[in-house]
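Visitor: Can you read through this structure? Questions will come right after.
The values are calculated or read from the model by the stated rules, or taken from the named source; none is laboratory data. Predicted model only: the values in this text are computed from it and were never measured. A quick note on method: Cβ atoms are made from the backbone with ideal geometry, for glycine too, and the neighbour counts reach across all protein chains shown.
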2 protein chains.
Amino acid sequence: MSKKVINTQVMQGFMELSPIQQRVFDSMLATIRTAYERFGFIGIETPILEREEVLLAKAGGDTEKQIYRFVKGDNKIAMRFDHTVPLARYVVEHMSDLTFPFRRHAIGKVYRGERPQKGRYREFYQADIDVIGRGQLPLSFDAEIPSVIYQIFKELDLGPFLISVNNRKILNGFFVDLGIQDSIVEILREIDKLEKVGAQAVRQSLVDLGITPETVDQILSFIGLNGSTDEILGGLQNLRVTNSDYLKGLEELTEVVKLMRAFGIPDSHFAVNLTIARGLDYYTGTVYETKLTQHPEIGSVCSGGRYDNLAETFTNESLPGVGISIGVTRLFSQLWALGLLKPMASSPSIVLVAPMTDDLSNAISIVADIRNADIPAEVYFNGGGLRKSLGYANQLGIPYVIIIGEDEIASGKITLKRMSDGSQSVYSSIEEVLETIRS
Amino acid sequence: MSKKVINTQVMQGFMELSPIQQRVFDSMLATIRTAYERFGFIGIETPILEREEVLLAKAGGDTEKQIYRFVKGDNKIAMRFDHTVPLARYVVEHMSDLTFPFRRHAIGKVYRGERPQKGRYREFYQADIDVIGRGQLPLSFDAEIPSVIYQIFKELDLGPFLISVNNRKILNGFFVDLGIQDSIVEILREIDKLEKVGAQAVRQSLVDLGITPETVDQILSFIGLNGSTDEILGGLQNLRVTNSDYLKGLEELTEVVKLMRAFGIPDSHFAVNLTIARGLDYYTGTVYETKLTQHPEIGSVCSGGRYDNLAETFTNESLPGVGISIGVTRLFSQLWALGLLKPMASSPSIVLVAPMTDDLSNAISIVADIRNADIPAEVYFNGGGLRKSLGYANQLGIPYVIIIGEDEIASGKITLKRMSDGSQSVYSSIEEVLETIRS
């Protein structure tokens, strides 16, 4: 039958969804977008293609290798790999059109030519918010950002979740205080592995870095501080570290926790976690990670933090910011695989009008009335009797079918079938039908 | 001040909007998406990157030269240049997950490396709908599609518009009847220019093609048929052409016009226009173009038609379809340049909470209440007195400011300032404030 000489599958690492999956995915995106806007973030879109020099200005290491790049005419072109570098360029380019602090959201696809593996995509949605200050940015925003996370994951209804918060200044100051600041990058890298490999393995790695066992003990008891949020903050006070970065970080974290509570985030949904470092060069203050408590295997579903300088590669102007990113494609694919997403009808239609006569004008006029009432609807034009119409509605999850036969046309009545239980009722006007559907 | 060694402008042919423009653009997209879904079209997303062989299978001529292509690893990759080829691939690949007739919408960016010129973009949004049948597709869909166009352009509120409709079988049959079928492609190309160059120039071009002056006269009086829709349909009857394609096309067009009226499209908003051919190989029946009556210089803002075979390069299965496409980026940029788009506030926020005290908890608790009532809101955390808060609200077009000073905290009252007229009222509860804002 088929003459498929051309492979119609999408390329490896690209996600393409069936109609039923797409509706669920789109509804996740819509929940995120609506929440971002409820918090006053302005949606900004940048091109997917950028001058290569713009993206390479900030990329490095693995990211640089993963960038899709090509030449077209005289242009060296690259595909964006995140929303942050384009945001930096955008803010510098449109500075005079912006009002600061600039609250912007960006929801769109980014591209990384990663080695394909489970849960990793080469084309994927990131949904970001950032607040950018000009010269300075109050700490209160560091507390508002997790309140957006809290709201979104509550609305996504994916079960219990925990927002972990930390401050990079505490980590940095603590290590300076111990006299091991030269190894900060290596130490943070090992600490980041704590949850994966356990304390014993981290202890060994730190000793291997040449750190004395006594200092390793201090590091491990520091990052091992536990208890309630207030107990951890108290524990950090009690360590009597005198380094000014440490004290500044502790003061910030204490204030952020206080304001997170003011924003209505319950203590059950956030925790101070001293092991979180998030990227080694970029973040300079508050950092966040978010996990679904019952599915730690998914990893962090929303991460971010505070940075001193958004756009240092493009301008000398100081542009501090704080933001987060949700990797929506990865999140969706893992949740779908785990069966955690509630299925939806694949069609947006609420009503299918099924004409049983050759003359379609009645059916068409009824569907127009329904649409004018802002209810998604369509006509089944393919004929073939009631069974075929009902099969179509059933497959697409359309909840109501209006049957228009000779009898209905003659009597001016409308027969409405509810697909969930097969019940049928007769109404004498379209208004009555609309009322029933709305209720 | 600036160390801009890197060019932060977007590349030529790429559109990037200021916040104020972006909000207007996004609202156009939202109007289109909502209408598509009200008509029961299912949103489907395909990757922006495809295997090169998929896109080249159907491209040709200029399009092929314009495609962005590159190699990454072992993959020959191309960027989609429309939504139709990806739709063909999608339908073949996901056949077993689809229910036919398959109504799908696709709203997203496509890429063409065209020579940059006014109103032409290299990255631009297309917003498509198509209905795809398996084996057959009733003609009623050909009438429903323009009813979607009618609805959308009414809602976009861009002034008067006219949907032109024609049927390719009428054109083809007429030329066969005249015995000039071998020159159909060339003749249609000249006829397509009629509006631009005028009847006299077209007459000369047709004579230059070797067509006898008598036949040219017949062609010109055929495409010059005018009057009301019914008069043109009558005129086509009266020509007494006996070619079966012609008669079939006339029968289809007559039925489509009848059903378009049943769908509620007023005669003021559509017309039969025999000069419309739309693409020479692709469309096989009904074809559409849409123009803003007062701005013909913009060209067609929504075009499409009926085709016999969506996916012949991927499958032997017959998949007839009918669809349209709106070039949203181009439409937006021209309307914006003409000043035809109503400006919107650049921020989604309806309320700015302006704390006048150091303690921010009251302001934060109030903004949380407002957001919980589903009203977009934010706090001005930057301090600097009332003047700075009002300046921020003013620049972003935020219509209400709630002022929280010592007095308000002491008395438990809330001061609400309406930015449009500067009026200020005091309320004793947040519920009262919310009521005022909602009304």
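Visitor: Enumerate the pairs (first residue in the stretch A:348-365 and under 13 Å from A:THR415 (Cβ atoms); second residue anywhere and among the small types (Gly, Ala, Ser) and assigned to a strand (DSSP E or B)) with beta-carbon separation below 7 Å, excluding pairs fewer than 6 apart on the same chain, so at least 6 apart or on different chains.
Guide: A:VAL351/A:ALA377; A:VAL353/A:ALA377
Visitor: Tell me, which residue of the stretch A:121-152 that is among the small types (Gly, Ala, Ser) and part of a loop (DSSP other than H, G, I, E, B) is farthest from the other protein chains (Cβ to nearest Cβ)? Spell out how you get there, then give the answer.
Guide: Going through the stretch A:121-152, the residues among the small types (Gly, Ala, Ser) turn out to be A:127, A:133, A:135, A:140, A:143, A:147.
Then drop every residue that is not part of a loop (DSSP other than H, G, I, E, B), which leaves A:133, A:135.
Values: A:GLY133: 8, A:GLY135: 10 Å.
Only one residue fits best here, namely A:GLY135.
Visitor: Now, a different point. Working carefully through the options B:ASP142, B:ASP245, find the one that is crowded, with 16+ Cβ neighbours inside 10 Å, charged (D, E, K, R), at pLDDT 90 or above and over 23 Å from the mean Cα position of the chain (by Cα).
Guide: Working: B:ASP142 fails: over 23 Å from the mean Cα position of the chain (by Cα).
Step by step, each of B:ASP142, B:ASP245 is checked, and only B:ASP245 is crowded, with 16+ Cβ neighbours inside 10 Å, charged (D, E, K, R), at pLDDT 90 or above and over 23 Å from the mean Cα position of the chain (by Cα).
Visitor: Oh, and also: Would you call B:GLU297 among the acidic types (Asp, Glu), more than 14 Å from chain A (Cβ to nearest Cβ) and not in a helix (DSSP H, G or I)?
Guide: Working: among the acidic types (Asp, Glu): yes; more than 14 Å from chain A (Cβ to nearest Cβ): yes; not in a helix (DSSP H, G or I): no.
Taking the combined requirement at face value, the residue does not satisfy it.
Visitor: In addition: Taking the options A:GLY305, A:GLY299, A:GLY323, A:GLY264, name whichever one is surrounded by fewer than 21 Cβ atoms within 10 Å (Cβ to Cβ), within 18 Å of the chain's Cα centre (by Cα) and farther than 30 Å from B:GLU37 by Cβ. Steps first, please.
Guide: On the way: A:GLY305 fails: surrounded by fewer than 21 Cβ atoms within 10 Å (Cβ to Cβ); A:GLY323 fails: surrounded by fewer than 21 Cβ atoms within 10 Å (Cβ to Cβ); A:GLY264 fails: within 18 Å of the chain's Cα centre (by Cα).
Being surrounded by fewer than 21 Cβ atoms within 10 Å (Cβ to Cβ), within 18 Å of the chain's Cα centre (by Cα) and farther than 30 Å from B:GLU37 by Cβ holds for just one of A:GLY305, A:GLY299, A:GLY323, A:GLY264, which is A:GLY299.
Visitor: With the condition being facing another protein chain (nearest Cβ under 7 Å) and surrounded by fewer than 24 Cβ atoms within 10 Å (Cβ to Cβ), I'd like the strands (runs of 3 or more DSSP E) fully within the stretch B:21-92 carrying at least 2 qualifying residues.
Guide: It comes to B:69-72.
Visitor: For the condition buried (at least 16 other Cβ atoms within 10 Å of the Cβ) and outside any helix (DSSP H, G or I), what is the one hit in A:LEU171, A:LEU162? Explain how you work it out, then say what you get.
Guide: Working: A:LEU171 fails: outside any helix (DSSP H, G or I).
Unique residue meeting the criteria: A:LEU162.
Visitor: Assuming A:LYS291 fulfils every condition listed in (1) within 14 Å of another protein chain (Cβ to nearest Cβ); (2) among the basic types (Lys, Arg); (3) farther than 28 Å from B:GLU255 by Cα apart from one, which condition is it?
Guide: Going through (1) within 14 Å of another protein chain (Cβ to nearest Cβ); (2) among the basic types (Lys, Arg); (3) farther than 28 Å from B:GLU255 by Cα one by one, A:LYS291 breaks only (1).
Visitor: Looking at B:GLY391, is it out of contact with any strand residue (DSSP E or B) (no Cβ under 8 Å at 6 or more places or on another chain), of a type outside the set (S, T, N, Q) and over 29 Å from A:VAL256 (Cβ atoms)? Break it down stepwise before answering.
Guide: Working: out of contact with any strand residue (DSSP E or B) (no Cβ under 8 Å at 6 or more places or on another chain): yes; of a type outside the set (S, T, N, Q): yes; over 29 Å from A:VAL256 (Cβ atoms): no.
Answer is no for this residue.
Visitor: For residues that are in contact with a strand residue (DSSP E or B) (Cβ under 7 Å, 6 or more places away or on another chain) and either more than 7 Å from chain B (Cβ to nearest Cβ) or surrounded by fewer than 16 Cβ atoms within 10 Å (Cβ to Cβ) (or both), scanning just the stretch A:359-377, find the one that is nearest to B:SER140 (Cα to Cα).
Guide: My answer is A:ALA363.
Condition check ((1) basic (Lys, Arg); (2) in contact (Cβ under 8 Å) with a residue 12 or more places away in the chain; (3) in contact with a strand residue (DSSP E or B) (Cβ under 7 Å, 6 or more places away or on another chain)) across all residues:
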site	(1), (2), (3)
A:VAL54	no, yes, no
A:LYS58	yes, yes, no
A:GLY61	no, no, no
A:ILE67	no, yes, yes
A:VAL91	no, yes, yes
A:THR99	no, no, no
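Visitor: For B:MET356, which of the numbered conditions (1) within 14 Å of chain A (Cβ to nearest Cβ); (2) in contact with a Leu (Cβ under 9 Å, 6 or more places away or on another chain); (3) surrounded by fewer than 19 Cβ atoms within 10 Å (Cβ to Cβ) fails to hold?
Guide: Only one criterion is unmet by B:MET356, namely (1).
Visitor: Still on this structure, please answer the following. Which members of the stretch B:4-14 meet the condition of being in contact with a Phe, Trp or Tyr (Cβ under 8 Å, 6 or more places away or on another chain) and either within 8 Å of another protein chain (Cβ to nearest Cβ) or within 16 Å of A:ARG33 (Cα to Cα) (or both)?
Guide: Initial filter on the stretch B:4-14 (in contact with a Phe, Trp or Tyr (Cβ under 8 Å, 6 or more places away or on another chain)): B:4, B:6, B:8, B:13-14.
Across the stretch B:4-14, the qualifying residues are B:LYS4, B:ILE6, B:THR8, B:PHE14.
Visitor: Hey, another quick one. Looking only at the stretch B:336-359, count every residue that is outside any strand (DSSP E or B) and closer than 19 Å to A:PHE41 by Cα and tell me the total. Steps first, answer last, please.
Guide: Of all residues in the stretch B:336-359, those outside any strand (DSSP E or B) come to B:336-350, B:356-359.
Within this subset, residues satisfying the condition of being closer than 19 Å to A:PHE41 by Cα are B:343-350.
Counting residues in the stretch B:336-359 that are outside any strand (DSSP E or B) and closer than 19 Å to A:PHE41 by Cα gives 8.
Visitor: Within the stretch B:275-296, take every residue that is hydroxyl-bearing (Ser, Thr, Tyr) and modelled with pLDDT under 95 and give me the one that is surrounded by the fewest Cβ atoms within 10 Å (Cβ to Cβ). Break it down into steps so the answer makes sense when it comes.
Guide: Of the stretch B:275-296, the ones hydroxyl-bearing (Ser, Thr, Tyr) are B:275, B:282-284, B:286, B:288, B:290, B:293.
Subset that is modelled with pLDDT under 95: B:275, B:282-284.
Working: B:THR275: 18, B:TYR282: 16, B:TYR283: 22, B:THR284: 18.
Among them, the one singled out is B:TYR282.
Visitor: Quick check, is A:GLY159 on the phi > 0 side of the Ramachandran plot and within 34 Å of the chain's Cα centre (by Cα)? Break it down into steps so the answer makes sense when it comes.
Guide: Details: on the phi > 0 side of the Ramachandran plot: yes; within 34 Å of the chain's Cα centre (by Cα): yes.
Yes.
Visitor: Condition check: outside any helix (DSSP H, G or I), at pLDDT below 95 and of a type in the set (Lys, Arg). Does A:LYS196 satisfy that?
Guide: Working: outside any helix (DSSP H, G or I): no; at pLDDT below 95: yes; of a type in the set (Lys, Arg): yes.
Taking the combined requirement at face value, the residue does not satisfy it.
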